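The values are calculated or read from the model by the stated rules, or taken from the named source; none is laboratory data. Keep in mind it's a predicted model, so treat the numbers as computed, not measured. When we count neighbours, we look across all protein chains shown, and the Cβ atoms used for this are built from the backbone with ideal geometry, even at glycine.
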Amino acid sequence: MKWGFGGMSKLALKDLDLAALEKQVVAWGQPRYRGRQLAEWIFKKGVTDFDDMTNLPADFRSQLQHEAEITRLVVLKKLVSDSGDTVKYLFGLADGGAVEGVLMKHNYGRTACVSTQVGCRMGCLFCASALGGWERNLTAGEIYDQVLTIQKDEGCRISHIVVMGTGEPLDNYEHTMRFIDNISAPYGLLISPRRITLSTCGLVPAIRRLAGERRGLTLAVSLHAPNDELRNRLVPVNRRYPLGELIPACRDYAAATGRRVSLEYALLRGYNDRPELAHQLAELSSGWLCHVNLIPVNVVPERGFYPPSRKRIQYFKNILMQHGIPVTIRKEMGADINAACGQLRWKNRKGDKE
Ligand code: SF4
């Protein structure tokens with residue numbers, strides 16, 4: 001099936017931020033304030049047709065038709081979990097590629113989980129997203145469009161964002177941050193950075209850069225192992241940025257932003273669920289602003305990983321609690337439609353539930 005659409009030669013407005021839009025409208029001979037009007041139409045109201053921009057002069061709208069485009073995604077596939085609280089989307093991109101996004105319905109609001117890359121090059125051992133390799137970065141507009149498309153499709157208002165879909169967001173830094181700046185702005189959806197969680201496998205220089213920029217995002221770090229020997233195998237980026245660099249960067253992030261860092265620990269039966277590893281994890285996470293989020297791994301058949309028994313998970317948790325570490329076990333959502341953590345992939349498998 002071919003779903004590519006749109007011309008790539010026109011200026012994709014959703015890839016710009018407000019300052020760039022203002023600069024562009026001035027270059028087109030319009031007053032600067034038209035940039036904000038344009039931003040509100042595309043980012044807040046989600047309009048995809050220039051003719052609907054009723055407060056813009058007709059001649060400017062016709063100029064926009066020729067020079068600019070408002071990107072959009074098409075919903076290629078939609079899967080709803082048995083419980084109805086999780087919806088997984090396969091979105092078609094303008095160039096014919098596809099990415100996945102997820103809507104999670106919580107009692108405190110609606111959360112969109114967005115992808116930032118087509119595929120991923122980080123190669124975490126238990127993750128489905130890395131199976132197909134890396135193809136390209138998504139643009140800021142393509143990330144934003146995932147949220148707008150979910151809102152439109154479900155008729156809901158997204159209140160929280162988790163940047164935890166396919167891809168390593170800090171490996172696509174500029175576009176991911178422009179997306180975050182636009183979606184949290186008054187001309188966007190006004191989603192506070194405090195309600196945006198960004199997940200990283202541990203790109204230390206980018207974590208330090210983010211700390212310096214003080215956006216106040218919640219940082220979730222995919223730790224998964226408390227020592228370098230094990231982490232080198234499970235999260236290969238650890239060979240470049242070992243724990244001796246990663247943990248101080250996380251501590252500094254928490255100190256600079258006042259935000260509690262979430263240490264994500266996927267429990268893999270027989271790999272990282274031994275009691276002595278819980279003690280090592282407690283040592284890494286004590287004395288600074290963090291909490292541990294235990295995630296019984298979601299089965300990815302190609303990877304051959306399975307979650308530990310409930311008893312063993314609880315035992316692991318108890319050790320952390322005995323050390324005074326704040327710890328939670330992540331509530332599972334959407335595993336029956338492969339929408340759970342570590343199960344997203346850019347190529348659909350045969351056998352996905354329809
Ligand atoms: S866990 Fe994240 S960073 Fe690691 S391979 Fe999967 S998508 Fe990439």
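Looking at region 187-226, which of the residues that are within 22 Å of Leu320 (Cβ to Cβ) and of a type in the set (A, V, I, L, M, F, W, C) is nearest to the ligand (Cβ to nearest atom)? Show your work before the answer.
Of all residues in region 187-226, those within 22 Å of Leu320 (Cβ to Cβ) come to 197, 199-202, 218-226.
Those left that are additionally of a type in the set (A, V, I, L, M, F, W, C): 201, 219-221, 223, 225.
Values: Cys201: 4, Leu219: 14, Ala220: 10, Val221: 11, Leu223: 11, Ala225: 13 Å.
Out of the qualifying residues, it is Cys201.
List the residue pairs whose Cβ atoms are under 7 Å apart, where the first residue sits in region 158-181 and is in contact (Cβ under 8 Å) with a residue 12 or more places away in the chain and within 18 Å of Trp134 (Cα to Cα), the second is among the small types (Gly, Ala, Ser) and more than 16 Å from the ligand (Cβ to nearest atom), and the two are 6 or more positions apart or on different chains.
As it stands, the answer is His175/Ala140, since those pairs meet every condition given.
For the subset of region 14-40 comprising residues that are of a type in the set (A, V, I, L, M, F, W, C) and more than 17 Å from Glu67 (Cα to Cα), which member is surrounded by the fewest Cβ atoms within 10 Å (Cβ to Cβ)? Steps first, please.
Just the residues of region 14-40 that are of a type in the set (A, V, I, L, M, F, W, C), to begin with: 16, 18-21, 25-28, 38-39.
Among the residues that remain, those that are also more than 17 Å from Glu67 (Cα to Cα) are: 18-19.
Numbers: Leu18: 19, Ala19: 10.
The residue in question is Ala19.
Could you tell me whether Ser81 is in contact with an Asp or Glu (Cβ under 7 Å, 6 or more places away or on another chain) and within 9 Å of the ligand (Cβ to nearest atom)?
Numbers: in contact with an Asp or Glu (Cβ under 7 Å, 6 or more places away or on another chain): yes; within 9 Å of the ligand (Cβ to nearest atom): no.
Taking the combined requirement at face value, the residue does not satisfy it.
Looking at Leu170, Leu125, Leu131, which one is within 11 Å of the ligand (Cβ to nearest atom), aliphatic (A, V, I, L, M), at pLDDT 95 or above and closer than 30 Å to Tyr306 by Cα? So that I can check it myself, show each step before the final result.
Numbers: Leu125 fails: at pLDDT 95 or above; Leu131 fails: at pLDDT 95 or above.
Only one candidate passes the filter, namely Leu170.
Being surrounded by fewer than 19 Cβ atoms within 10 Å (Cβ to Cβ), in the same structural domain as Lys331 (by TED's automatic domain parsing) and of a type in the set (D, E, K, R) is true for just one of Lys105, Lys44, Lys78. Which residue is that? Before you say what the answer is, go through the steps one by one.
Values: Lys44 fails: in the same structural domain as Lys331 (by TED's automatic domain parsing); Lys78 fails: in the same structural domain as Lys331 (by TED's automatic domain parsing).
That would be Lys105, the only listed residue that is surrounded by fewer than 19 Cβ atoms within 10 Å (Cβ to Cβ), in the same structural domain as Lys331 (by TED's automatic domain parsing) and of a type in the set (D, E, K, R).
Mind listing just one residue for me: the one in region 307-318 that is of a type in the set (S, T, N, Q) and in a helix (DSSP H, G or I) and, of those, nearest to Cys250 (Cα to Cα)?
Start the filter on region 307-318 by keeping residues that are of a type in the set (S, T, N, Q), which leaves 309, 314, 318.
Filter once more, keeping what is in a helix (DSSP H, G or I): 314, 318.
Details: Gln314: 26, Asn318: 24 Å.
Out of the qualifying residues, it is Asn318.
Among the residues of region 260-306, which ones are in a loop (DSSP other than H, G, I, E, B), under 20 Å from the mean Cα position of the chain (by Cα) and modelled with pLDDT under 95? Let's see the steps before the verdict.
Of the residues in region 260-306, the ones in a loop (DSSP other than H, G, I, E, B) are 260, 268-274, 286-289, 297-299, 304, 306.
With under 20 Å from the mean Cα position of the chain (by Cα) added as a condition, the list becomes 260, 297-298.
The answer is Val297, Asn298.
So which helices (runs of 4 or more DSSP H) stay within region 10-74 end to end and still have 2 or more residues that are free of Cβ contacts under 8 Å to residues at least 12 places away in the same chain? Spell out how you get there, then give the answer.
On the way: elements: 18-27, 33-39, 58-67.
In region 10-74, the matching helices (runs of 4 or more DSSP H) lie at 18-27, 58-67.
Which of (1) in contact (Cβ under 8 Å) with a residue 60 or more places away in the chain; (2) in the same structural domain as Gly155 (by TED's automatic domain parsing) is the odd one out, the single condition Arg110 does not satisfy?
The single condition Arg110 does not satisfy is (1).
Farther than 29 Å from Phe305 by Cα and under 18 Å from the mean Cα position of the chain (by Cα): does that describe Leu198?
Working: farther than 29 Å from Phe305 by Cα: no; under 18 Å from the mean Cα position of the chain (by Cα): yes.
It is false that Leu198 is farther than 29 Å from Phe305 by Cα and under 18 Å from the mean Cα position of the chain (by Cα).
Would region 142-151 turn up any residue that is within 11 Å of the ligand (Cβ to nearest atom) and surrounded by 19 or more Cβ atoms within 10 Å (Cβ to Cβ)? Write out each step before concluding.
Kept after step one, since they are within 11 Å of the ligand (Cβ to nearest atom), are these residues of region 142-151: none.
No, every residue in region 142-151 fails to be within 11 Å of the ligand (Cβ to nearest atom) and surrounded by 19 or more Cβ atoms within 10 Å (Cβ to Cβ).
Given the condition in contact (Cβ under 8 Å) with a residue 24 or more places away in the chain, of a type in the set (D, E, K, R) and closer than 22 Å to Glu69 by Cβ, answer yes or no: does some residue in region 84-105 qualify?
Yes: region 84-105 contains one or more residues that are in contact (Cβ under 8 Å) with a residue 24 or more places away in the chain, of a type in the set (D, E, K, R) and closer than 22 Å to Glu69 by Cβ.
I'd like to verify a number: residues in region 98-122 that are within 16 Å of the ligand (Cβ to nearest atom) and either touching a strand residue (DSSP E or B) at 6+ places or on another chain (Cβ under 7 Å) or farther than 21 Å from Arg136 by Cα (or both), how many?
Of region 98-122, the ones within 16 Å of the ligand (Cβ to nearest atom) are 98-102, 113-122.
Those still in the list that are either touching a strand residue (DSSP E or B) at 6+ places or on another chain (Cβ under 7 Å) or farther than 21 Å from Arg136 by Cα (or both) too: 98-102, 113-121.
Residues flagged as within 16 Å of the ligand (Cβ to nearest atom) and either touching a strand residue (DSSP E or B) at 6+ places or on another chain (Cβ under 7 Å) or farther than 21 Å from Arg136 by Cα (or both) within region 98-122 amount to 14.
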